[in-house]
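Here's the structure, in structure tokens; my notes come after.
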């Protein structure tokens with residue numbers, strides 16, 4: 001039987017291996033910095049790391065916000081659909097390709113594949129994001145578009161006990177009372193629509209305007225009250241957004257079917273997925289961001305979660321990338337990355353803003369290893385796996401996610417074709433003074449694996 005480690009047992013196991021691998025690691029602080037820098041540089045050479053600034057604006061969503069379909073909702077963790085097109089062209093993949101995205105988000109990869117006439121499958125655990133991806137990639141008939149065009153917002157009337165059904169603690173602070181009443185009135189009218197696709201797109205429309213009519217906006221790792229609040233009428237915002245969405249739907253000429261599964265990507269083997277030509281995806285970065293906190297408004301107002309217990313379960317079921325995840329669950333030490341071992345040990349012996357960070361990192365890479373095992377099995381020979389990642393830093397040490405995942409993938413059987421560095425991540429002068437020359441490894445990259 002395979003040995004399973006508890007997270008609490010990791011330090012002893014890691015230290016035993018460190019004595020064998022790196023006997024000089026316990027030397028003074030500047031030696032440690034030099035040690036990690038040299039190890040990272042060696043691995044960069046091994047993995048053919050190169051810089052290509054033509055990718056720098058493609059690894060984030062900011063240049064996408066005005067494109068049809070993608071403009072419906074600003075998904076800050078997404079990347080540009082042009083990234084998909086550029087990668088497919090670079091790897092000489094054609095229209096018969098099957099593209100897979102295990103972190104589908106709001107559907108950027110899947111929409112891009114649909115625009116190219118490419119078969120695509122995605123998995124997404126966040127029910128809000130999954131709903132968005134499905135709405136963006138469904139095919140709509142002329143009859144369904146006609147129903148959408150004739151949809152009218154309901155007449156306004158006050159609602160008693162407006163907040164009663166919501167457990168969310170800040171619910172009374174999110175909107176003007178009248179705007180919130182209008183949100184609920186629209187929801188009730190949408191519920192009467194029996195056509196599932198029409199119902200879905202109307203509900204998507206409502207979800208897309210929630211931040212616009214709220215006192216709050218997404219900022220960093222959560223919500224922040226808008227410094228300047230401009231009152232926007234919910235009914236008017238809904239009508240404008242619906243017209244925009246209808247216009248974009250009419251432009252869609254490709255009718256190929258996209259499959260989207262609402263589940264944790266680690267459960268990939270529980271689903272029938274055709275052989276994969278290329279996986280292109282961006283996992284949550286190991287930066288302690290809780291994306292369920294970021295999309296709190298949509299999750300609660302959309303009633304994807306109705307209680308804090310449901311939210312807790314959702315967080316615990318997701319990939320471990322933040323401190324709200326389930327850090328008590330069993331996990332294995334990742335032995336397929338030699339450089340991760342001293343990183344975990346160093347952080348275990350360094351003062352951090354939260355001492356659970358090493359546990360979180362070990363679980364993150366253990367789960368990513370599990371995913372790469374499944375992807376290797378499901379990818380056809382000669383197929384690709386392209387991972388878009390951002391590196392992080394803790395305790396003055398850069399944690400090079402791209403290098404660590406490249407090591408893991410190589411040891412699982414993939415060939416690491418190259419690491420393409422798209423851009424350096426911005427950092428504060430305070431962080432720079434702590435991290436020194438390791439700042440070079442705080443970056444966003446594409447890892448290109450080939451089977």
From the convex hull of the Cα coordinates of region 302-451, what is the mean projected area in square nanometres? 10.9
Run the quick spin-label model on residue 149 and residue 189: label points 7 Å from Cα toward the beta carbon, then report their separation in nm to one decimal. 1.9
proj_area_mean for the chain (convex hull on C-alpha atoms), units nm², value 22.6
Take every DSSP beta bridge with both residues inside the chain and express the antiparallel ones as a percent of the total, to the nearest 5. 55
How would you rank 139-150, 274-285, highest first, on the average number of other Cβ atoms within 10 Å across their residues? 274-285, 139-150
Answer rounded, prolate or oblate for region 70-160, using the Cα gyration tensor with square roots of eigenvalues a ≥ b ≥ c: rounded when a/c is under 1.5, else prolate when a/b is larger than b/c, else oblate. prolate
Packing rank of 373-380, 247-254, where each peptide gets the mean count of other beta carbons within 10 Å, highest leading: 373-380, 247-254
When a/c reaches 1.5 or more, the comparison of a/b and b/c decides; with that in mind, is region 153-215 rounded, prolate or oblate per its Cα gyration tensor? prolate
Take 72, 300, 353 and order them by how many other Cβ atoms sit within 10 Å, fewest up front. 353, 300, 72
Label point 7 Å beyond Cα of residue 139 along Cβ direction - residues of region 181-207 with amide nitrogen under 18 Å: 196-198, 201
Label region 263-381 by shape, choosing from rounded, prolate and oblate, from the square roots a ≥ b ≥ c of the eigenvalues of the Cα gyration tensor; if a/c is under 1.5 it is rounded, and otherwise prolate applies when a/b is larger than b/c, oblate when it is not. oblate
Which of the peptides 336-348, 167-179 is most tightly packed, and how do the rest follow, judged by the mean count of other Cβ atoms within 10 Å per residue? 336-348, 167-179
Separation of the residue 275 and residue 54 label points, Cα + 7 Å toward Cβ, nm: 3.1
May I ask for log10 I(q)/I(0) of region 43-97 at q = 0.17, 0.30 Å⁻¹, from a Debye sum over the Cα atoms as equal point scatterers with solvent left out? -0.69, -1.10
Length gained when the stretch residue 34-residue 317 is fully extended (0.36 nm per residue, less Cα-Cα span): 98.1 nm
Which length gain, in nm to one decimal place, applies between residue 381 and residue 162 when the Cα-Cα distance is subtracted from 0.36 nm times their residue separation? 73.2 nm
Amide N of region 262-304 lying under 18 Å from the label point, which is placed 7 angstrom from the Cα of residue 356 along Cα→Cβ: 285-294
How are the C-alpha pair distances of region 244-288 spread across 10 Å bins, as whole percents from the shortest bin up? 15, 36, 31, 18
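If R₀ is 22 angstrom, what is the calculated FRET efficiency for the pair residue 257 and residue 63, using the beta carbon separation as r and rounding to 0.05?
For R0 = 22 Å, the calculated efficiency reads 0.20.
Throughout, read-outs are computed from the coordinates displayed, never taken from laboratory work. None of the values given here were measured: they were computed from a predicted structure. Neighbour counts run over all protein chains shown; Cβ positions are idealised from the backbone, glycine included.
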